[in-house]
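Peer 1: Structure incoming, see below.
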Amino acid sequence: MALAIHFDHALASGRLRSQADLARAGQVRRDRLSQIMNLCNLAPDLQEELLFLKPYFSGRAPITEREIRPIAAEPNWEKQRRLFAKLAGSAKLSDR
């Protein structure tokens, strides 16, 4: 999430002019950049929740970017919140 916000600011500030420039600077493919940038479509409270997830130090991340993609693709923030709550419940996030 932090990377998506950073990339978004780089474009908004004019530091980089296009997503193609951003992909080159970030050393990612354009399709991967789109996946990352789509996280900016999440409701602001969900973005914040992702930013403040407890760190994990071993094993698989409790929530992955791949699992968030379909939620970010949903334009309705209320539906996003329901989908995220379901995902977070299955991930057993204790600090929700």
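The values are calculated or read from the model by the stated rules, or taken from the named source; none is laboratory data. Bear in mind the structure is a predicted one, so any value in this text is a computation, not a measurement. Here Cβ is always computed from backbone atoms with ideal geometry, including for glycine, and neighbour counts include all displayed protein chains.
Peer 1: Quick one: which of 68, 63 is closer than 22 Å to residue 11 by Cβ, of a type outside the set (S, T, N, Q) and out of contact with any His (no Cβ under 9 Å at 6 or more places or on another chain)?
Peer 2: Going through 68, 63 in turn, just one is closer than 22 Å to residue 11 by Cβ, of a type outside the set (S, T, N, Q) and out of contact with any His (no Cβ under 9 Å at 6 or more places or on another chain): 68.
Peer 1: Answer with yes or no whether residue 33 is touching a helix residue (DSSP H, G or I) at 6+ places or on another chain (Cβ under 8 Å) and either among the hydroxyl-bearing types (Ser, Thr, Tyr) or farther than 19 Å from residue 75 by Cβ (or both).
Peer 2: It is true that residue 33 is touching a helix residue (DSSP H, G or I) at 6+ places or on another chain (Cβ under 8 Å) and either among the hydroxyl-bearing types (Ser, Thr, Tyr) or farther than 19 Å from residue 75 by Cβ (or both).
Peer 1: Which pairs do you get when a residue that is closer than 17 Å to residue 65 by Cα, found in the range 1-17, comes within reach of a residue that is among the polar types (S, T, N, Q) and at pLDDT 95 or above, reach meaning Cβ atoms under 9 angstrom, with the pair 6+ apart or on two chains?
Peer 2: These pairs meet every condition: 1/47; 4/38; 4/47; 5/47.
Peer 1: Would you point out which residue out of 25, 72, 12, 61 is within 16 Å of the chain's Cα centre (by Cα) and modelled with pLDDT of 90 or more?
Peer 2: Only one candidate passes the filter, namely 72.
Peer 1: Among the residues of the range 1-57, how many are among the aromatic types (Phe, Trp, Tyr) and either at positive phi or not assigned by TED's automatic domain parsing to the domain that holds residue 67 (or both)?
Peer 2: 1
Peer 1: Check whether at least one residue in the range 84-95 is touching a helix residue (DSSP H, G or I) at 6+ places or on another chain (Cβ under 8 Å), at pLDDT 95 or above and surrounded by 16 or more Cβ atoms within 10 Å (Cβ to Cβ), and report yes or no.
Peer 2: yes
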